[in-house]
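Notes follow once the structure below has been shown.
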Amino acid sequence: MRVVVLGAGAIGSLLGGMLAESHDVVLVGRRAHVEAIRRNGLRISGATRRKAKPRAVADISGLKSPDLLLVTVKAYDTVKTIRGASDIIGPRTTVLSLQNGITTLGLLEECVPRGRLIGGWTSHGATLERPGAIRHAGAGDTAIGELDGKPSARTEALARALTLTGIETALSSDIRREIWLKGLVNSAINPLTAIARCENGEIASNAGLSRVARQVCEEGSAVARASGFTIGAGEALRLTLKVARQTSCNRSSMLRDVERGRRTEIDYLNGAIAELAESHDIAAPVNYALASIMRVLSKH
């Protein structure tokens, strides 16, 4: 299988590096990371230890249409990136998003040719330690599925391929709902770890942070239901605490973005919840507050 990974940061590099054991993988990432991989390969440490040798490029010029286009860019780069990759989305290319964000899949649907897109999510934790080296901070769950919920040969084959590389992947019959649920998990873990400057495990072990996470889930689940997705607050909180424990030593991507002075994905998580809450006339003060604080911290 020919695979192109758009957005070879921590998660993209982890998935691409593991797929490279058995498949032809090209990572598209930042120049320093790309050059380090070209020189020394991709080093993966932590929960997974291996040295992978995927191909790596800084842009997609000259690439052939892959069988799988794996999208792992930041939510705010989705439209620009996928439009820039339109020339390599061939008639047999499957586009799979494993991005953060409650509204990200909808952005892709507007840009990807009909029938080419499938949805997915993953709770694996990964950190880019330095160019050419990532740390798999904690194993999590992964699921993919057709947008209409129907089983298909391509999702079965892809789930099998990912599982064989060490990324155990389940098939979902309601991937849109699961992406919403994963969005609630990220909306609890990411901003709280960024504000408290702590690792993910603190969300489960600190009573105060757990209480705020519960409030995020309560508000978010009400907005999800108003948006057509039946998600209970208890279900969202249980998954949040599970992921926090699974990735207890991980520093969330939002925390790392704040530390490095980069833009965060807050507008596609708590910001999206707050905006949708307003449109449905639902109160969501905790999500609104977290989004407002994070916009100041990340200066956008």
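Nothing in this text is a laboratory measurement; each read-out follows from the coordinates by a stated rule. What you are looking at is a predicted structure, and each value in this text was computed from that prediction instead of being measured. Ideal geometry is used to build each Cβ from the backbone, glycine not excepted, and the neighbour counts take in all protein chains shown.
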Computed magnitude of the charge dipole of the range 239-300 (debye, nearest 20; Cβ of K, R +1, Cβ of D, E -1): 500
Low-density loop cleavage sites - GluC sites (Glu not before Pro) in the range 74-174, where at most 15 other Cβ are within 10 Å (DSSP): Glu110, Glu168
Ranking of Thr81, Thr155 by count of other Cβ atoms within 10 Å, fewest first: Thr81, Thr155
Which label in (1) 23.8; (2) 16.7; (3) 13.8 gives the computed mean projected area of the Cα convex hull in nm²: (3)
Tilt relative to the chain, helix 285-297 - C-alpha long axis, 0 to 90 degrees, to 10: 50
Restricting the range 114-218 to trypsin sites (Lys or Arg not before Pro) in coil, as DSSP defines it, with at most 16 other Cβ within 10 Å: Arg114, Arg116, Arg197
Set of aspartates and glutamates near Lys182 by C-alpha distance (under 16 Å), chain-local residues within fewer than 8 positions excluded: Asp141, Asp174, Glu218, Glu219, Glu235, Glu265, Asp267
The chain: relative contact order as a whole-number percent, Cα under 8 Å and 6+ apart: 15
Helix-only [θ]222 nm of the chain, DSSP H runs n ≥ 4, -39500 (n - 2.57) each, per residue, nearest 500: -14000 deg cm²/dmol
5 Å-binned pair-distance histogram of the range 1-154 (Cα, whole percent): 2, 10, 20, 23, 22, 15, 7, 2, 0
Cβ-defined net charge surrounding Gly115, 13 Å radius [Lys, Arg +1; Asp, Glu -1]: +2
Sequence of His124, His23, His280 once ranked by neighbouring C-beta atoms within 10 Å, starting from the fewest: His280, His23, His124
Cα long-axis angle, helix 10-19 against the chain (0 to 90 degrees, to the nearest 10): 40
Charge dipole (debye, nearest 20) of the range 83-187; +1 at Cβ of Lys and Arg, -1 at Cβ of Asp and Glu: 160
Cα centre as origin, Lys/Arg/Asp/Glu Cβ charges: the chain dipole, Debye: 1200
Stretch gain in nm, segment Lys53-Thr230, where the contour uses 0.36 nm per residue and the Cα spacing is subtracted: 59.5 nm
Unsatisfied cross-links (Cα-Cα over 32 Å) in the set Lys53/Lys299; Lys64/Lys150; Lys53/Lys150; Lys150/Lys242: Lys53/Lys299; Lys53/Lys150
Principal-axis tilt of helix 153-165 within the chain, Cα atoms, nearest 10 degrees: 90
Positive-pole candidate from Ser86, Trp180, Ile231, dipole of the chain, charges at beta carbon: Ser86
Label point 7 Å beyond Cα of Asp148 along Cβ direction - residues of the range 97-135 with amide nitrogen under 15 Å: 114-119
Quarter of the Cα convex hull surface for the range 177-297, i.e. its orientation-mean projected area (nm²): 6.4
